[in-house]
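First up is the structure itself, then whatever we jot down about it.
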Amino acid sequence: MGGVTIYRVAEHAAVSIASVSRVVHGQPGVSAETRRRIQASMRELGYVPNDAAQGLAGRRHGVVGLVFADLDDPSEEAGHESLLYSDEIIRGAERAARAHGHSVLLVATHAEGSRDRLISLVGKMDALVILAGSVPTADIRLLSRLVPVALLAAERRVGAVDQVRADNAAGMRAVVDHLISGHGFGDLAFIGGPEASPDAKARFRGYQAARLGAGLAPAPRPDVTEDFTERGGRQALRRLLSRRAHPPRAIVASNDQMAVGAIGALTAKGLRVPDDVAVTGFDDIQLARLLTPGLTTVHQPMRQLGQECVHALLARIGNPDAEPANVLLPTHLVVRTSCGCPPSGPSSDTRVDVPAHEETPHG
């Protein structure tokens, strides 16, 4: 990596050195096709601009970067809803960083030029928290050679990087066990999240395990998949109902926003929750306890995810040769009334702890 120069990139991409320099520094004057070719050469060669690498050799900056995908347009419905999860993580990370005298820099990635933008910024940071799905694996490997990196909510083998996750599989298994054994529901439908999401995959594994453990027919795939948004939940529920002669007795949604959308779509169809169809979610965002009926869900420690990532990074800064941390945070079932349970008291919340279920991170 260290031997790759701007001249080598220019030769590999068959362009001028000036064109490479413009791309490296984010300047105009290069066509979209030439820019893509230069960026492809930089990725293939593992090129890192000298100013980024040199910046790391100097003093500490007191800054931890948090890398997320597509946080740039909260005016759109889907973007606004996705912030509910990210906001909690950001709050936790900022609190942990501030306690150690650090600041947090948010970086939103995009399909075009994300790698080069990150490399240009990394010289101004001491470490990076990268949320699953926001940066390709090859780029994570490259960035981890420059600064300590912690992966949040990911399941990847990417070398010596710290990883912090919530126990998604165990949490989902707990809520599905509750529907099956607590209520006797056997006709379940699963609304899956984005296929590329590690959280969505782990939650579906938990759903599959609960079905098998109860002697129900295996579920080779989610009944329907959509984005982790309220709109996605509405669209998924409509497609699901259009495929069935009768609605399922219970809907298992991959997150709370999808559950909220599904409840809205059921209500629009004249179906009552939970009398006609029970609904559960995952995450335990604030909206889950404000709904009528209250949403039975799985609480994952979103703020703690951000905190633990920052703690792991600050520990690595102090001891760069330490073994990578692999932190699995517990989840717990929160029983409200959308599953068919009666109100439990003034708060209408009943917490049920979930036994840990360790999963090996995988590609």
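The values are calculated or read from the model by the stated rules, or taken from the named source; none is laboratory data. What you see is a predicted model, and the numbers here were worked out from it, not measured in a lab. No Cβ is skipped: glycine too gets one built from the backbone with ideal geometry, and neighbour counts run over all protein chains shown.
Could you list, in sequence order, the residues of segment 143-163 that are out of contact with any helix residue (DSSP H, G or I) (no Cβ under 6 Å at 6 or more places or on another chain) and buried (at least 20 other Cβ atoms within 10 Å of the Cβ)?
Within segment 143-163, LEU143, SER144, LEU151, GLN163 meet the criteria.
State yes or no: is ARG157 assigned to a loop (DSSP other than H, G, I, E, B) and not assigned by TED's automatic domain parsing to the domain that holds ARG239?
Working: assigned to a loop (DSSP other than H, G, I, E, B): yes; not assigned by TED's automatic domain parsing to the domain that holds ARG239: yes.
Yes.
For segment 186-227, what are the residues that are over 23 Å from SER242 (Cα atoms) and in a loop (DSSP other than H, G, I, E, B)?
Matches in segment 186-227: ALA196, SER197, ALA214, GLY215, LEU216.
Just a yes or no: is a residue in segment 232-243 in the same structural domain as SER338 (by TED's automatic domain parsing), at positive phi, surrounded by fewer than 24 Cβ atoms within 10 Å (Cβ to Cβ) and assigned to a loop (DSSP other than H, G, I, E, B)? Please lay out each step first, then the result.
In the first step, residues of segment 232-243 are kept if they are in the same structural domain as SER338 (by TED's automatic domain parsing); the result is 232-243.
Those left that are additionally at positive phi: none.
No, segment 232-243 contains no residue that is in the same structural domain as SER338 (by TED's automatic domain parsing), at positive phi, surrounded by fewer than 24 Cβ atoms within 10 Å (Cβ to Cβ) and assigned to a loop (DSSP other than H, G, I, E, B).
For (1) of a type in the set (S, T, N, Q); (2) under 22 Å from the mean Cα position of the chain (by Cα), each residue gets a yes or a no:
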residue: ARG211; (1), (2): no, no
residue: ARG221; (1), (2): no, yes
residue: THR225; (1), (2): yes, yes
residue: GLY232; (1), (2): no, yes
residue: GLY261; (1), (2): no, yes
residue: GLY264; (1), (2): no, no
residue: THR267; (1), (2): yes, no
residue: VAL273; (1), (2): no, no
residue: THR280; (1), (2): yes, yes
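Here is a yes/no grid of residues against (1) among the hydrophobic types (A, V, I, L, M, F, W, C); (2) touching a residue at least 40 places away in the same chain (Cβ under 8 Å); (3) under 19 Å from ARG173 (Cβ atoms):
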position	(1), (2), (3)
PHE204	yes, yes, yes
ALA210	yes, no, yes
GLY233	no, yes, no
ALA245	yes, no, no
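Please give the number of the condition ARG289 fails out of (1) modelled with pLDDT of 95 or more; (2) more than 19 Å from ARG173 (Cβ to Cβ).
(1)
Test GLY171 against the criterion of being surrounded by fewer than 23 Cβ atoms within 10 Å (Cβ to Cβ), not in a strand (DSSP E or B) and not aromatic (Phe, Trp, Tyr), and give yes or no. Steps first, answer last, please.
Values: surrounded by fewer than 23 Cβ atoms within 10 Å (Cβ to Cβ): no; not in a strand (DSSP E or B): yes; not aromatic (Phe, Trp, Tyr): yes.
No: the conditions fail for GLY171.
Going through segment 309-331 one residue at a time, which ones are among the small types (Gly, Ala, Ser), part of a helix (DSSP H, G or I) and either in contact (Cβ under 8 Å) with a residue 24 or more places away in the chain or closer than 28 Å to ALA174 by Cα (or both)? Walk me through how you get there before you give the answer.
Of the residues in segment 309-331, the ones among the small types (Gly, Ala, Ser) are 312, 315, 318, 322, 325.
The next check asks that each one be part of a helix (DSSP H, G or I); those that pass are 312, 315, 318.
ALA312 - this is the single residue of segment 309-331 that is among the small types (Gly, Ala, Ser), part of a helix (DSSP H, G or I) and either in contact (Cβ under 8 Å) with a residue 24 or more places away in the chain or closer than 28 Å to ALA174 by Cα (or both).
Let me confirm something: among LEU152, LEU179, LEU212, which residue is under 29 Å from ARG336 (Cα atoms), modelled with pLDDT of 90 or more, not acidic (Asp, Glu) and not assigned by TED's automatic domain parsing to the domain that holds THR297? Reasoning before the result, please.
Working: LEU179 fails: not assigned by TED's automatic domain parsing to the domain that holds THR297; LEU212 fails: not assigned by TED's automatic domain parsing to the domain that holds THR297.
Result of the check over LEU152, LEU179, LEU212: LEU152.
Within segment 12-25, can one find any residue that is in a loop (DSSP other than H, G, I, E, B) and at pLDDT below 75? First the steps, then the outcome.
Our first condition is that a residue be in a loop (DSSP other than H, G, I, E, B); within segment 12-25, this holds for 14-16, 25.
Adding the requirement that they be at pLDDT below 75 leaves 25.
Scanning segment 12-25 turns up at least one residue that is in a loop (DSSP other than H, G, I, E, B) and at pLDDT below 75.
Scan segment 192-203 and tell me whether some residue there is surrounded by 17 or more Cβ atoms within 10 Å (Cβ to Cβ), over 26 Å from GLN163 (Cα atoms) and touching an Asp or Glu at 6+ places or on another chain (Cβ under 8 Å).
no
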